[in-house]
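Everything on this sheet refers to the single structure shown next.
The values are calculated or read from the model by the stated rules, or taken from the named source; none is laboratory data. Please read all numbers here as calculations on a predicted model, not as lab measurements. Positions of Cβ are backbone-derived with ideal geometry, glycine not excepted, and every protein chain shown enters the neighbour counts. Remember, those area values only see protein heavy atoms, side chains included, never the ligands or the DNA or RNA. Shrake-Rupley method; radii C 1.70, N 1.55, O 1.52, S 1.80 Å.
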Amino acid sequence: SNRTMKSIAPLSLPLTLSISGMERCRAFSSFPTTQENLRKAALVPRLTLEEYLSSPVYKTPVLISDVVPPETIEALADKLIRTLGQEEVQMQRKTKNDEDGSKETEIYDIPLEDSIEYMMDSSHCDSFFAFCEGLLQSSTPGSSELSDELRDIREAPFPNQEDWFDYFPSDIKPTDAIILAGAGSTSTFHRDPFEWTGTSICLEGTKIWRFILPPPEEKGGIDVVDEALESYRLDSIAWEEEETDHSGEPLVLSAGWQSDMTLFDSIDDNFPSAFEWVTMEEDDGEVFQREMEDAGMNPSFLRPSAETLDSLDQIGRAKGCNDSSSVHPLFVTAIQQPGDLLIIPAHCWHQTYAPLPSVAVASQRCGAKIDGINVVRHILDCTNCENENILRISKCNSFDEGVGEEVVANLLECFG
């Protein structure tokens, strides 16, 4: 190709927060610190598995790199396409008119294998994306074995810790999702149902994640973010269709939060194409990593909408953005590559952008000490359950290992 490589300008201190209203939050410029400390504050930490196990991170996102060898990840990606390639998925196509900013979305039913070809032709203004639930727990030959292999990988950071979702009946149990993202595509802007701990393992390509971390509880906590982003609730469909309450209406045990705002509204003309990113990675992996991080952190290259910037500014003020004793980036960024396991705690709003095509598997877990009370209270809030035994359980601040099966049994007993 005779295309010229585009270079991303190094992340500068004023550029980080000066675009489209971000200059109203001057936490970076008012705090005398080094540029590398600024990068550290704005990036999700990247740890080895050994580092994570020696000092686990529970309240903020973390990337665990190279959980398994690269050849294992490559083999799993091939096995996934080989095993599930003929399964039908819903592929979403989003087109955007550059002149007036109007957007259209179309949905196609297509074999997973065929959707890969569309992902390769994707771009920011004409993108393809597929969120495929239930395939890994299906009756397709080989899918259960593949699911078990992926589970072993994502459970590596949680040795000897139970997952309460294992005690849920299979027909109302959250399922893994295969996520196929063409270049230029975005996920929804959301935080997860059940208030669980989420995980994502990347098998192919690269994903840019942006997270909105909530203020501390004494400054309003997650409610501040929910309100600023004008969030609304979406019932968890997999549960809604399976169970009914005593009135015969669908029993909704969980509902997530979503916003129509976006952290990835437009891109700079100099933002590299997928081809240019791949070429950069082949030439120098370290340069690729640094440039990708700069692009993800830089709001002038991947621009949030003006409305989103106003909301981020509102959240920043709640965090104490004018307090010169702290550094408060408006969002934190993770660059996820093949073999990276991303751990996403409850109450972290997030959205992804695909600078080049990617394949990932998203899952979730409910650990006793970290997630148990969140999930119990979430279900009680959604169902308005007034069972005295469960209400008593919900007053616990945390649970010990080994009680999950009993708690889940008591919880489900309320709903008959």
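Among the GluC sites (Glu not before Pro) in region 310-402, those placed in a DSSP loop whose Cβ has at most 14 other Cβ atoms within 10 Å are Glu386, Glu401. Could you tell me which of Trp196, Gln364, Val224 has its Cα farthest along the dipole of the chain towards the positive end, charges placed at Cβ (Lys, Arg +1; Asp, Glu -1), taken about the Cα centre? It is Val224, whose Cα lies furthest towards the positive end. Go ahead and run the numbers for FRET between Glu50 and Ala75, Cβ-Cβ distance against an R0 of 25 Å, rounding to 0.05. About 0.60, to the nearest 0.05.
Over 18 Å between Cα atoms, which of Lys59/Lys319; Lys59/Lys173; Lys219/Lys319 qualify? Checking Cα-Cα distances, Lys59/Lys173 exceed 18 Å.
In this label model, Asn397 and Asp223 are separated by 2.0 nm, measuring between points 7 Å along each Cα→Cβ vector. Residues Phe131, Phe271, sorted by accessible area with the largest first, give Phe131, Phe271 [1.4 Å probe; ligands and nucleic acids excluded].
Protection proxy ranking for 201-213, 133-145, using the average of other Cβ atoms within 10 Å per residue and placing the highest first: 201-213, 133-145. The residues neighbouring Phe129, those whose beta-carbon lies less than 11 Å from its own, together hold a net charge of +2 under the Lys/Arg +1, Asp/Glu -1 convention. Largest GNM mean-square fluctuation among Asp400, Asp121, Asp235, using the chain with Cα springs under 10 Å: Asp400. Mind sorting out which of (i) 24.8, 82; (ii) 22.9, 91; (iii) 21.4, 71 is the real Rg and Dmax of the Cα atoms in Å computed from the coordinates? Recomputing Rg and Dmax of the Cα atoms in Å here gives the entry labelled (iii).
Hey, got the dipole for the chain? About the Cα centre, +1 on K and R Cβ, -1 on D and E Cβ, debye to the nearest 20?
Using Cβ point charges on Lys, Arg, Asp and Glu, the chain gives about 1600 debye.
Once C-alpha pairs closer than 8 Å and six or more residues apart are averaged by separation and normalised to the residue number of the chain, the relative contact order reads 27 percent. Think of region 345-416 as a dipole: +1 on every Lys or Arg Cβ, -1 on every Asp or Glu Cβ, centred on the Cα centre; then among Asn410, Ser398, Pro355, Pro355 lies furthest on the positive end.
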